[in-house]
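Asker: Structure provided below as structure tokens; questions to follow.
The values are calculated or read from the model by the stated rules, or taken from the named source; none is laboratory data. From a predicted model like this one, the values you see are computed outputs, not experimental measurements. Cβ: placed from backbone, ideal geometry, glycine included. Neighbour counts: every protein chain shown.
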Amino acid sequence: MPDPKVRSGQKYLTPQGFTAIRDGVRERAPEPATDAAPARPAVPKPQWLRAQLAAGARYGMVRQIVHEHRLSTVCEEAKCPNIGECWNAGTATIMLMGAVCTRACRFCAVDTGNPRGWLDPGEPENVARSVQLMQLKYVVLTSVNRDDLPDGGAAHYAAAIRAIKRVNPGTAVEALTPDFQGNFADVHTVLESGLDVFAQNVETVRRLTHPVRDARAGYDQTLDVLREARRFRSDILTKTSLMLGLGETEREIHETMADLRAAGVDLLTLGQYLRPTPNHLSVERYVSPAEFDAWRAAALALGFVECVSGPLVRSSYRAEQALARNNAGVVNQRSG
């Protein structure tokens, strides 16, 4: 963790000796308002965006295990609003290969930098023991992008999955992976490791892919990775996630869902984009709970096995309930 005195957007030196930027996006001065471009007020956050308080005995237990075993979790690093609910339910999304990403997507609050090949060789076994201690029956593994590694970290990812399966043979593993720069050999390395669900997030519609995602990411690159995963391992489920509220149109959402189905994607999650810091992209609008229900119905009509859809839904939210055919238990309030 960086020094708490380091502000969001500032550089700091990691314990491993390389430089990173806290929260992933450089600190920016606000643009001055002019007569031609007056300052735009922030979109007020609606009342339905209220997450469970991050407290409670089970939350404390999971937090203790995570910190004692030096684990990174996307729950903490990406400032997920559901950390209280998920950790109180005894679940966590474990983030492999450290907490510093080589990419700098403008929606994401994970720190960015160049780890210069650093990896913790003990992490796969450490993660497997932690899953055992948390008594997880379903675990989501994700990771930072590691473009500094020749294989993007695919072998390390696969080692963690195999370790979990060896120590916890009854635990299902969902892998929310990087795109490995579209290298199918690296994708295959992960797919051959014994996982149950393969995920790679498209994040937004084609038109908004840049500037929302890092320049090294790509809409078609993600589609190609998901399509190849379906071809190479037809026996597993494939999954992706889409954020709403970044300025996309209804037609673009429909086109994206159709592209994903054409790539053979089984599971889709839809959630509201929330701006993690003032240095990140602004929220263009808040999508109402009723609209999330309508988008779920549209996705199911296209043939997705399930679409978990709601304002606070994230890619790994209630992932173990994805096949319950009930929106993973999410009940969208009809206000707004």
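Asker: Which of the residues spanning segment 294-306 are modelled with pLDDT of 95 or more and not in a helix (DSSP H, G or I)?
Answerer: Within segment 294-306, Gly303, Phe304 qualify.
Asker: For Arg296, are the conditions met, namely being in contact with a Ser or Thr (Cβ under 9 Å, 6 or more places away or on another chain) and either buried (at least 19 other Cβ atoms within 10 Å of the Cβ) or touching a residue at least 40 places away in the same chain (Cβ under 8 Å) (or both)?
Answerer: The answer is yes for Arg296.
Asker: OK, next. Going through segment 249-293 one residue at a time, which ones are without any contact (Cβ under 8 Å) to a residue 40 or more places away in the chain and aliphatic (A, V, I, L, M)?
Answerer: Answer for segment 249-293, where residues must be without any contact (Cβ under 8 Å) to a residue 40 or more places away in the chain and aliphatic (A, V, I, L, M): Ala262, Val265.
Asker: Looking at the structure I just gave you, is Thr142 touching a residue at least 40 places away in the same chain (Cβ under 8 Å) and not in a helix (DSSP H, G or I)?
Answerer: Spelling it out, Thr142 is indeed touching a residue at least 40 places away in the same chain (Cβ under 8 Å) and not in a helix (DSSP H, G or I).
Asker: Tell me, which residue of segment 110-119 that is modelled with pLDDT of 95 or more and not polar (S, T, N, Q) is surrounded by the fewest Cβ atoms within 10 Å (Cβ to Cβ)?
Answerer: Here the answer is Gly117.
Asker: If you go through segment 278-292 one residue at a time, how many are assigned to a helix (DSSP H, G or I) and either crowded, with 17+ Cβ neighbours inside 10 Å or basic (Lys, Arg) (or both)?
Answerer: 3
Asker: Which condition breaks for Thr269 when tested against (1) buried (at least 23 other Cβ atoms within 10 Å of the Cβ); (2) on the phi > 0 side of the Ramachandran plot?
Answerer: Checking Thr269 against (1) buried (at least 23 other Cβ atoms within 10 Å of the Cβ); (2) on the phi > 0 side of the Ramachandran plot, the one that fails is (2).
Asker: Applying the selection to segment 93-109, what residues are modelled with pLDDT of 90 or more and of a type in the set (Val, Ile, Thr)?
Answerer: Across segment 93-109, the qualifying residues are Val100, Thr102.
Asker: Looking only at segment 236-277, count every residue that is among the β-branched types (Val, Ile, Thr) and assigned to a loop (DSSP other than H, G, I, E, B) and tell me the total.
Answerer: Total meeting the criteria: 4.
Asker: Pick out, from segment 146-212, the helices (runs of 4 or more DSSP H) lying fully within it that include 3 or more residues that are out of contact with any helix residue (DSSP H, G or I) (no Cβ under 6 Å at 6 or more places or on another chain).
Answerer: Filter on segment 146-212 gives 154-167, 209-212.
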